[in-house]
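Let me begin by presenting the structure, written as structure tokens, before commenting on it.
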Amino acid sequence: MTKDLFFQAIIKFICGVILVGLLLFLPAGTVNYPAGWLFMGILFIPMFLAGIVMMFKNPELLKKRLNAKEKQAEQSMVIKLSGLMFLAGFIVAGLNFRFQWILLPEVVSWIAAVVFLLAYLLYAEVLRENTYLSRTVEVQENQKVIDTGLYGMVRHPMYSVTILLFLSMPLVLGSVISFVIFMAYPLIIAKRIRNEEEVLEEGLAGYTEYKKKVKYRLIPFVW
């Protein structure tokens, strides 16, 4: 662990808390938005704890996860589309609460929160299985194909988990309209996967054989 990495992680975390808070509570017109606070809690408390663990046990992995700058134009577009989805989804959720458009029962928020936390545990397991995971599409030095655990079921378990995470978010926030907006994510991530697999086949030894062994990308027996 280095001081630079520590401060980079803390600054990004604080900026994330502030940004999401503004995107939710400003449109809501109040801080008395219980589903908003529930979401902030289940999002940022596990994120903080995971960051602490990585900082001391695997700082190199933390460094990779903090780097979100894509080199490829196609992947950069995917990141921008995802960012627009989050902006629209969070703002609409706040507006939905403010103007009482279509409010889901409180129990839906709590069930979705449980799904989110379970998905976060799977996210942690993926990180444990594959320490090469980066937020950018690239082949790293000495990278090897991982084909055990969740990687023995689908080729991109990280993306499978993020679909669960992201589709549960608007339900935690109690907004059906936001859920419709977040339904764009599977389409966005499918575009990312196609390009990523081209990069991996070209630069990662054994990936073509791995594709033959594990046939499904995101969902077993579906795709």
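The values are calculated or read from the model by the stated rules, or taken from the named source; none is laboratory data. Fair warning: this is a prediction, and the values are worked out from it, not measured in the lab. Quick reminder, even Gly has a Cβ in these numbers, built from the backbone with ideal geometry, and neighbours come from all protein chains shown.
Here are the numbers:
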| quantity | calculated |
| --- | --- |
| Some residue of the range 146-163 being small (Gly, Ala, Ser), under 22 Å from residue 39 (Cβ atoms) and modelled with pLDDT under 95 | yes |
| Residue in the range 94-112 that is surrounded by 15 or more Cβ atoms within 10 Å (Cβ to Cβ), modelled with pLDDT of 95 or more and within 13 Å of the chain's Cα centre (by Cα) present | no |
| Flag if residue 132 is of a type in the set (Ser, Thr, Tyr), assigned to a helix (DSSP H, G or I) and either at pLDDT 90 or above or under 19 Å from the mean Cα position of the chain (by Cα) (or both) | no |
| Number of positions in the range 88-120 that are part of a helix (DSSP H, G or I), touching a helix residue (DSSP H, G or I) at 6+ places or on another chain (Cβ under 7 Å) and among the aliphatic types (A, V, I, L, M) | 11 |
| Where residue 147 falls short, out of the listed (1) in a helix (DSSP H, G or I); (2) surrounded by fewer than 17 Cβ atoms within 10 Å (Cβ to Cβ) | (1) |
| Within the range 170-188, tally of residues that are more than 19 Å from residue 43 (Cβ to Cβ) and among the β-branched types (Val, Ile, Thr) | 4 |
| Residue that is nearest to the chain's Cα centre (by Cα), among those in the range 186-197 that are charged (D, E, K, R) and surrounded by 13 or more Cβ atoms within 10 Å (Cβ to Cβ) | 192 |
| Total residues in the range 198-222, condition in a loop (DSSP other than H, G, I, E, B), without any contact (Cβ under 8 Å) to a residue 12 or more places away in the chain and either farther than 14 Å from residue 150 by Cα or among the polar types (S, T, N, Q) (or both) | 2 |
| Hits in the range 9-36 (condition: surrounded by 17 or more Cβ atoms within 10 Å (Cβ to Cβ), at pLDDT 95 or above and part of a helix (DSSP H, G or I)) | 20, 23, 24, 25, 27, 28, 35, 36 |
| Verdict on residue 70 being acidic (Asp, Glu), modelled with pLDDT under 95 and not in a helix (DSSP H, G or I) | yes |
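Residue by residue, here is whether (1) more than 19 Å from the chain's Cα centre (by Cα); (2) modelled with pLDDT of 90 or more; (3) among the aromatic types (Phe, Trp, Tyr) holds:
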site: 7; (1), (2), (3): yes, no, yes
site: 38; (1), (2), (3): no, yes, no
site: 43; (1), (2), (3): no, yes, no
site: 53; (1), (2), (3): no, no, no
site: 58; (1), (2), (3): yes, no, no
